[in-house]
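Colleague: Have a look at this one before I ask anything.
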Amino acid sequence: MDCLFFRHGIAIEREKWRGSEQDRPLTDQGAGRTKESGKGLLALRMRPTHILSSPLTRAHETAVILQSLIHSKPKIQICTELDPAAAPHALFSLLDALPSDAVVLCVGHEPHLSLAAGILLTGKPCGGLSLKKAGACLIHIEESVKPAAGRLEWWLTAGQLRALA
């Protein structure tokens, strides 16, 4: 399985948003940069078969933008396991239930995604890992999804992904 962690794009600043945190959307700039980062994923020949998204608006909007770029248009599955308040390892059983040849795009938040990535790579959370907004990492998992079962393929910022587009 290839597990692609993608952090949502730039959202309206908390101080400027009047609604609930759950509903805080992407900015126009955030949507544009997300689309360009997504084109970089395509340049890397990433072809997700599954899209999992946090229930928060900014992550779902990011997932919709990325889905629009994928020819096969995999369905977006909203997952509470990608909510920033969820335990990072809660995602593992969901991933483990998918086919071993799946390419799974997980759209979520920091520090949740990097904590999950650290556990997949080393067996424990790693303090130095962080995904920038509209940045991504690819982790290959050979067998079952469990701590220390992953192998890092790449970790790229949004700027690096856009440069590949």
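Colleague: Looking at I65, I119 in this structure, which one is crowded, with 21+ Cβ neighbours inside 10 Å, in contact with a His (Cβ under 6 Å, 6 or more places away or on another chain), outside any strand (DSSP E or B) and at pLDDT 95 or above?
Modeller: Numbers: I65 fails: in contact with a His (Cβ under 6 Å, 6 or more places away or on another chain).
On inspection, the qualifying residue turns out to be I119.
Colleague: Any chance the stretch 32-44 includes a residue that's over 19 Å from L164 (Cβ atoms) and surrounded by fewer than 20 Cβ atoms within 10 Å (Cβ to Cβ)?
Modeller: The answer is no; no qualifying residue exists.
Colleague: Give all pairs with beta carbons closer than 8 Å in which a residue from the stretch 146-159 that is polar (S, T, N, Q) meets a residue that is in a loop (DSSP other than H, G, I, E, B) and crowded, with 18+ Cβ neighbours inside 10 Å; count only pairs at least 6 apart in sequence or on separate chains.
Modeller: Pairs that qualify, where the first residue is polar (S, T, N, Q) and the partner is in a loop (DSSP other than H, G, I, E, B) and crowded, with 18+ Cβ neighbours inside 10 Å, are T157/G135.
Colleague: Looking only at the stretch 79-86, decide whether some residue is out of contact with any Lys or Arg (no Cβ under 8 Å at 6 or more places or on another chain), of a type in the set (D, E) and in a loop (DSSP other than H, G, I, E, B). Before you say what the answer is, go through the steps one by one.
Modeller: Within the stretch 79-86, the first condition is being out of contact with any Lys or Arg (no Cβ under 8 Å at 6 or more places or on another chain), and the residues that meet it are 79-86.
Then drop every residue that is not of a type in the set (D, E), which leaves 81, 83.
Applying the additional criterion that residues be in a loop (DSSP other than H, G, I, E, B) yields 83.
Scanning the stretch 79-86, I find at least one residue that is out of contact with any Lys or Arg (no Cβ under 8 Å at 6 or more places or on another chain), of a type in the set (D, E) and in a loop (DSSP other than H, G, I, E, B), so the answer is yes.
Colleague: Quick test of your reading of the structure: D23 fulfils all but one of (1) under 19 Å from A102 (Cβ atoms); (2) surrounded by fewer than 19 Cβ atoms within 10 Å (Cβ to Cβ). Name the failing condition by number.
Modeller: Here D23 meets the rest and fails (1).
Colleague: If you scan the stretch 144-164, which residues turn out to be surrounded by 14 or more Cβ atoms within 10 Å (Cβ to Cβ) and either part of a loop (DSSP other than H, G, I, E, B) or of a type outside the set (A, V, I, L, M, F, W, C) (or both)?
Modeller: Those that are surrounded by 14 or more Cβ atoms within 10 Å (Cβ to Cβ) and either part of a loop (DSSP other than H, G, I, E, B) or of a type outside the set (A, V, I, L, M, F, W, C) (or both): V145, K146, P147, A149, G150, T157, G159, Q160, R162.
The values are calculated or read from the model by the stated rules, or taken from the named source; none is laboratory data. As the structure is a computational prediction, the values presented were derived from the model and not from experiment. Cβ: placed from backbone, ideal geometry, glycine included. Neighbour counts: every protein chain shown.
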